[in-house]
Amino acid sequence: MNPQPPFRRPLIARFRRQWGVMVGGAAVAALVLTGCADTTGPAETDAATAGGVPAAVADAVAAGYEGTSTAPPDSGPAPAADKSVWILSAFQQIQGLARLAERAEEAATALGWSSDICDGQNNVGGGWAACVRQAVAAGADAIVLMSIDCAPVKAPLQEARDAGVAIVSLTSFDCDDPTQGGSEPLFDVTIGYLDDVADPQTFFESMGRLRADWIIAQTGGEAKVLQVKFDGVAFGAYLAKGFEEQLATCSGCEIVSTLALTPADVPNIRQKFETALLQASDADAVSVDVDFMFTAGIQPALVAAGRDLVVAGGECGDANLDYIRAGGGQQMCIGNSLGHMSYAAMDELNRYFAGEEPAVEGMGWQLVDADNNLPPAGEEFDGPIDYVSAYTSIWK
C-alpha cells in the first residue's frame with residue numbers, strides 16, 4: 001500500500017486556518033465556480049498567496065469540503081396521472097449508471113408512474129437507438145437519457161418527439177451542444193442544478209475545476225499531472241475542459257501527459273494506464289475524470305506502482321470510497337448524490353407535464369477524502385440533503 005504522505009492534509013488545514021474560511025449557501029457555489037480567478041485585484045491576490053497556492057484556490061477547496069448542495073424546491077405541481085417512463089442507461093455495467101437508473105425508477109414510483117429500464121449495452125449493435133425505439137413502441141410518455149448524448153441517437157429521438165414522447169436529460173447533452181454538432185435541440189427537460197449552475201456543461205466543468213484546485217493545493221502549486229480523461233462522452237469533455245483551464249491558472253503546474261480513454265477501452269484500462277504512468281516518470285499527481293476507471297484497472301495499477309502521487313478521482317463510487325478508506329491509490333473524489341440527481345430529473349419532468357417552469361433543484365457536489373465527508377464503511381455517498389423527504393412532500 002502507498003499511504004498518503006502526511007504533509008498533504010496539514011497543508012490544506014494550514015490554508016484554512018490562515019484565511020479563516022467560513023463558507024455557506026450561495027457563497028460556496030460562487031467560490032467553487034470562480035476557482036483561481038482573480039477577483040481581488042493584483043496587489044491583494046499576490047499578498048494572499050502563500051506556499052505557491054493562491055488564497056482563491058484554498059478558499060475553493062474549503063468551499064468544496066463544505067459542499068454546494070441546497071434543498072430541493074418546497075412546492076410543485078401534483079403528480080401527473082398515468083404516466084409511463086422509460087429510463088435509458090448507456091451501460092448498466094457501470095455502477096453509477098445502474099444506481100441512477102435504480103433511483104430514477106424509485107422516484108417514478110413515488111410519483112405513481114410506471115417505469116422500465118433499458119440497458120443500451122455501451123451502444124454495442126446500436127443498443128442506444130434500440131432502447132429509444134423500444135420505448136416509443138411501448139407507448140412511453142417520456143424517456144430519460146442517462147449518459148446517452150443526442151448526436152448518436154438523433155434520428156430515433158426525432159421519431160420519439162414526432163410521437164409526442166418527452167425527452168429528459170440525465171447527464172446527457174442535447175444536439176445544440178458544441179460537442180454534439182450544434183444543431184437544433186431535441187430535449188424537453190433538463191435539470192436546473194443550482195442558482196448559478198443552470199446546465200450540465202457548467203455542472204461538469206465546475207467539478208473539473210474543483211479537482212484541479214484540490215491538486216494545486218495538495219502539491220503546493222507545483223503539480224506535474226498525468227491526466228486521465230474520458231473521451232467520446234460529452235460530460236467527459238466538460239470535466240476535462242474545467243480541469244485543464246483551472247490547472248492552467250497555476251504558474252507552477254503543468255499536465256505532463258494525457259491518457260484519453262473511450263468506452264471501448266474499458267477492457268484494457270489497466271494496461272494503458274500502466275504504460276502512461278511509466279512514461280510519465282516526472283508526474284507527482286494523477287487526475288482521473290470518472291471513478292469507474294479506477295475499478296477497471298487504475299487502482300490496482302497505482303497500488304502496484306508504489307509511487308508517491310497525489311491522486312484525484314471522480315464521483316465517489318462505492319468501491320472508490322473503499323479505496324480512499326484503505327489509504328492507497330485514490331485519495332479524493334467529488335461526491336454528488338445520484339439519488340438527488342435522479343429525483344431532480346423526475347421532478348423537472350413532472351413540472352413539464354404540468355406546463356410549469358423549471359425549478360432550481362439544489363443538486364451540487366462535495367469534496368470527499370480520508371479526513372472529510374467520508375461515509376462509514378458500507379455506505380454510499382448520498383450527500384447532505386434529505387432530498388427524498390423533500391420531494392415526496394411536494395408529490396403527495
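Numbers for the structure displayed
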read-out	value
Distance (nanometres) between label positions extended 7 Å along Cα→Cβ at residue 202 and residue 163	3.4
Carbon plus sulfur fraction of accessible area for region 54-128, probe 1.4 Å, in percent	45
Charge dipole (debye, nearest 20) of region 237-332; +1 at Cβ of Lys and Arg, -1 at Cβ of Asp and Glu	180
Cα-based reach from residue 396 at 23 Å (exclusive), listing lysines while leaving out same-chain residues under 8 positions away	83
Residue 259 accessible area, 1.4 Å probe, all protein chains in place, Å² to nearest 10	20
Rounded to whole Å, sorted largest first: equivalent-ellipsoid semi-axes of region 75-169, Cα gyration tensor	21, 17, 10
Lys/Arg +1, Asp/Glu -1 at C-beta; the chain dipole; positive extreme among 317, 327, 170	327
Probe 1.4 Å - accessible area at residue 253, Å² to nearest ten	20
The chain, helix-only ellipticity at 222 nm - DSSP H runs n ≥ 4, -39,500 (n - 2.57), divided by all residues, nearest 500	-12500 deg cm²/dmol
Label-point separation, residue 389 to residue 134 (7 Å along Cα→Cβ), nm	3.8
Reachable lysines from residue 272, criterion Cα separation under 24 angstrom, eight or more residues apart if same chain	224, 229, 241
Accessible-area composition of region 155-213, carbon plus sulfur, in percent [1.4 Å probe]	43
Residue among 266, 57, 132 with the largest mean-square fluctuation in a Gaussian network model of the chain, springs linking Cα atoms under 10 Å	266
Coordinate range along principal axes, alpha carbons of the chain, Å, largest first	59, 44, 41
Three semi-axes of the equivalent ellipsoid, region 278-396, Cα gyration tensor, whole Å, largest first	36, 15, 10
Average Cα contact separation per residue, the chain, under 8 Å, 6 or more apart, as relative contact order %	21
Solvent-accessible area per residue for the chain (1.4 angstrom probe, square angstrom)	38
Solvent-accessible area of residue 249 with every protein chain in place, 1.4 Å probe, in Å² to the nearest 10	70
Separation between Cα centres of region 302-345 and region 115-156, rounded to whole Å	29
Rg(Cα) / (2.2 N^0.38 Å) computed for region 85-241, rounded to two decimals	1.13
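The values are calculated or read from the model by the stated rules, or taken from the named source; none is laboratory data. Just so it is clear, the model here is predicted, and its values are computed rather than measured. When we count neighbours, we look across all protein chains shown, and the Cβ atoms used for this are built from the backbone with ideal geometry, even at glycine. With ligands, DNA and RNA removed, areas are computed over all heavy atoms of the protein, side chains included. Shrake-Rupley method; radii C 1.70, N 1.55, O 1.52, S 1.80 Å.
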